[in-house]
Each structure stands twice: as structure tokens, then as C-alpha cells.
Amino acid sequence: MPQAFLRRSEDAYVDYLIENAPDFGAYLIEAKFPRVFVDVNRGPWELDPRMFADRLPAFVDTASKRAAAGLGVVPRVGVDGVQLYRKRFRFSEVRDRITKYYMPYHAAMNGVIQSCREKYGTAIVLDMHSMPDKSAPEVDIVVGDRQATSCDPGIVDQVEAIMTGLGFVTVRNTPYAGGHTTEHYGRPDLGVHVLQIEISRGLYLDEKRVVLTPRARALRQKIHQFINKFSNNSASFYSPS
């Protein structure tokens, strides 16, 4: 499979857009591997049994709708539904990927969330992604809160207001309401608020060649403005312990 094709399934260059987040007081947890290899926005054992040559352990979530669609923690298909692998895996191969890549990422996520809760009483997580331009035409940003279950509505309103003020066309939950990260970590009743933010790749990326366009620098500056404004405004949701 050509590398250029595989890269079309990545959240390409989102790290470039948000890399200065710590300058504005935010924590930054970055996956150093592509989601086409291991997708951290899935449950740890969401796996499609059609990918395997041996029997899967009972704890594997073979009933997952995402896995059945080929989009489990190790995806079976990439962009446009194209098969990624010519032969089936042994379970031990995928288990090693999950252990070495997925588990450390989520250990870091848990650590930061708990640290924020202990220090401030609240944690707000912005799970940053990119989306194909064709998946939401005429939309710049999709904010997902799993239909108002993963985040306080006031926080969602604030995110949308800042984005709109910066000139972005923003919608909520359509077509992306949030994945495993919002579903698993979003517990507003416990002070953990999680939003998934999808940025249209058409704003900054040549999707076929997976290279930044001349518009990328301006978008990066706007995303930095958003992070700065949100970091300042979100102080009202914190209650230091």
C-alpha cells in the first residue's frame, strides 16, 4: 500500500496546528503514530474478527459497530473503504501494537485528567481531529459532545462562540458526534468535560498529496487564537481544590 494513500487516513498535520497549545496554559498529549496503525479514538479491544487467522480472546469487542465497519482500534480499511492488509494477523501482533502504543497514550490521558481534577476540580479535554472536506461541505469545524452527554453545554457554547468569532462555520454533532475518547472520558457529573473537534482538511491540506497548502499558516494562527481565548475564558469552569 503506497505511503501517500495510507497518509490520507491520518489526522494529518493536526499536530502542526496545535503544537503551541502549552504556550497558552494547556496540556498537550500527542499521538506519535498514525491512526491507520493504531486508532486511539477507539476502545482498546474493538477488533474486526475478519482480520485474524486465530481465535480471539473473549474480552475482545467483536460486536463493536465501528470494528464491524473495519474501523476498529487497528483499522481493516482506510480511506474510501480500501482494504489495508493482504493477509490476516495473529492476535499477538495486534496485542503488541495496543500494548506499546495505545496503552501509553491513554495512561498519559488519564494522568493529565486526574491531575487537573485534583488541582482545579475540573478537567476539560479538547480531542482534536481533522475531517475530509467532502464529509461536511461548507462546514469548517464540527464540535461533537455525543448529543450533549460528554460536556457541559456552557463549555460547548463557548467553544462555538469563539470559533464563530474567528470566522469559522461551525456545527454540532453532524456528522461527527464523538468517538471513544468523548464516550469513555466525558463525565460532566464528575467534572470531566470532553469535546471532539473536527477541522476540515480543506482549510489547510492538499488531501490527495497530503501536504500543507499556503492557507495552513493562517489557519494555525487562528487555532492558536482559539486555544488562547478558550484557555482564558474557561477559568470560570474551574474551582481550585
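Structural remarks
- Taken about its Cα centre, the range 82-241 carries a charge dipole of about 880 debye when Lys and Arg each add +1 at the Cβ and Asp and Glu each add -1 at the Cβ.
- Measuring between their Cα centroids, the range 51-89 and the range 156-180 lie 30 Å from each other.
- Förster radius 22 Å - calculated FRET efficiency between GLN3 and ALA68 (Cβ-Cβ, nearest 0.05): 0.20
- Formal net charge of residues neighbouring ASP157 (Cβ-Cβ distance under 12 Å; K, R +1; D, E -1): -2
- Shape call, the range 43-160: gyration tensor on alpha carbons, a/c limit 1.5: oblate
- Straight-line cross-link partners of LYS100 among the lysines, defined as a Cα under 21 Å from its Cα and at least 8 positions apart when in the same chain: LYS32.
- Counted charge near GLY202, where neighbours are those whose Cβ lies closer than 13 Å (Asp, Glu -1; Lys, Arg +1): -2
- GNM top mover of ASP61, ASP96, ASP48 - the chain, alpha-carbon springs below 10 Å: ASP96
- Considering only ASP152, ASP80, ASP15, the Gaussian network model of the chain with Cα springs below 10 Å gives its largest mean-square fluctuation to ASP80.
- Cα gyration tensor category, rounded, prolate or oblate, for the range 108-241 with a/c compared to 1.5: prolate
- Option label - volume of the Cα convex hull per residue in Å³ computed here, alternatives (1) 123; (2) 107; (3) 154: (1)
- Measuring nothing but how far apart in sequence close Cα pairs (under 8 Å, 6+ apart) lie, relative to its length, the chain scores a relative contact order of 23 percent.
- Proximal charge balance of GLU19 [Cβ under 10 Å; K/R count +1, D/E count -1]: -2
- Net length gained if the chain between SER236 and ALA53 were fully extended (0.36 nm per residue, minus Cα distance): 60.6 nm
- The residue among VAL211, GLY144, GLY121 whose Cα reaches farthest toward the positive pole of the charge dipole of the chain, with charges on the beta-carbon of Lys, Arg, Asp and Glu, is VAL211.
- Helices in the chain that qualify as membrane-span-like (whole DSSP H runs, Cα extent of at least 15 Å along the helix axis, mean Kyte-Doolittle hydropathy of 0.0 or higher) are 153-165.
- Charging the Cβ of each Asp and Glu at -1 and of each Lys and Arg at +1, and nothing else, the dipole of the range 151-241 about its Cα centre rounds to 540 debye.
- Net lengthening on full extension, LEU28/TYR16 (0.36 nm per residue, minus Cα-Cα): 3.1 nm
- Based on the reciprocal of the average 1/r between different C-alpha atoms, the Kirkwood radius for the range 199-241 equals 12.2 Å.
- 222 nm mean residue ellipticity, helices alone, for the chain (DSSP H n ≥ 4; -39,500 (n - 2.57); rounded to 500): -9000 deg cm²/dmol
Laboratory data are not the source of any read-out in this text; all were calculated from the coordinates shown. A quick note: this is a predicted structure, and the numbers were derived from the prediction, not measured. Reconstructed Cβ throughout: ideal geometry from the backbone, glycine too, with neighbour counts over all protein chains shown.
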